[in-house]
Each structure stands twice: as C-alpha cells, then as structure tokens.
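Here is the structure we will look at.
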Amino acid sequence: MYDWTWKRFEELTLDELYEMLKIRQQVFTVEQNCAYQDVDELDKVSWHLFALKQGSGTVTEIQAYLRIVDPGFKYLEPSIGRVLTTLEARGKGIGKQLLNKAIEFSDVEFPGLSIRISAQQHLEKFYREFGFEPVSAPYDEDGIPHLEMLTS
C-alpha cells in the first residue's frame with residue numbers, strides 16, 4: 001500500500017524536490033544509460049504525483065512518480081510524463097495505480113481534454129491498456145524509440 005500525494009511545483013518542499021529529481025536521475029539517466037537534460041522549465045507548470053510506502057512518512061521512500069504538464073506548455077493537451085517506478089516497486093502493480101490516478105486527476109482538473117504522452121515504444125501495449133492510441137510514427141528521443149500517444 002502507498003500514500004499518494006499531488007503537489008504543484010511551488011508546493012514541493014526542498015526534500016520532496018530533491019528526492020524526486022534524484023529518483024528521476026536514477027531511472028532515466030543511470031538505469032536507462034541516457035544522458036539528457038531531465039530538469040526543465042516544465043516542472044514549474046506541472047502537477048507532481050508521488051507515492052510513498054504507506055506509513056513511512058519520509059520522502060526518501062518514494063516508490064513511484066510522474067508529472068502532468070498543464071495544457072498549452074508542451075502540447076495543447078495536458079501531458080503525462082516522467083513516469084517511473086523504483087526497482088524495488090516494479091512488478092507490484094504500482095505503475096498501473098500511478099497511471100489510473102493520473103488519468104482520473106486529469107479528467108477532473110482538465111475536463112473534456114485528451115491526454116498526450118511521449119511514450120517509450122516498448123511500453124506501447126502498457127499505455128494502450130489505459131486508452132492511449134499512437135498518433136505518430138516512432139521517433140528517436142535521446143536515443144530511445146518513442147511514440148506520441150493520445151487518449152480519445
């Protein structure tokens with residue numbers, strides 16, 4: 001079980017921000033061996049969702065994370081990105097919980113708008129389970145094949 005928290009950038013504590021950036025670097029830069037600029041201006045115009053081990057009460061126990069970029073900044077639609085789970089949490093269904101929470105939140109926060117993602121191509125089937133459909137041909141993003149996908 002997990003404790004889930006939504007925050008805007010300006011609501012994040014320094015410890016929360018540090019731990020989120022650390023876990024993003026661990027997954028996207030170290031694990032995926034991908035050198036790219038993770039920290040960007042989009043963090044400032046996003047909702048951030050993170051899951052802590054239930055009852056841990058410490059941000060050093062982040063198990064999953066994503067952000068939803070407000071409409072009009074990356075795409076016309078709200079955009080889910082930086083989706084990750086820790087090695088420890090993988091295979092336990094937290095990724096599905098994470099996506100479900102993001103879609104439900106987006107439907108309330110941005111009613112009537114589709115959600116766009118830039119998905120790693122090998123995760124296409126996973127995202128299709130949540131109603132995302134490819135709207136682009138595969139393209140390279142930082143050395144990893146991606147697809148743009150959109151909910152209908």
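We did not get these values from a lab; they are worked out from the coordinates using the rules stated. Here the structure is a predicted model, which means the values were calculated and not measured. A quick note on method: Cβ atoms are made from the backbone with ideal geometry, for glycine too, and the neighbour counts reach across all protein chains shown.
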Residue count, segment 120-152 (criterion: closer than 24 Å to Thr5 by Cβ and touching a helix residue (DSSP H, G or I) at 6+ places or on another chain (Cβ under 7 Å)): 1
Residue check, Ala102 in contact with a helix residue (DSSP H, G or I) (Cβ under 6 Å, 6 or more places away or on another chain) and either at negative phi or in contact (Cβ under 8 Å) with a residue 24 or more places away in the chain (or both): no
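Table: residues versus (1) β-branched (Val, Ile, Thr); (2) assigned to a strand (DSSP E or B); (3) farther than 21 Å from Lys96 by Cα.
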residue: Pro111; (1), (2), (3): no, no, yes
residue: Glu124; (1), (2), (3): no, no, no
residue: Ser136; (1), (2), (3): no, no, yes
residue: His146; (1), (2), (3): no, yes, no
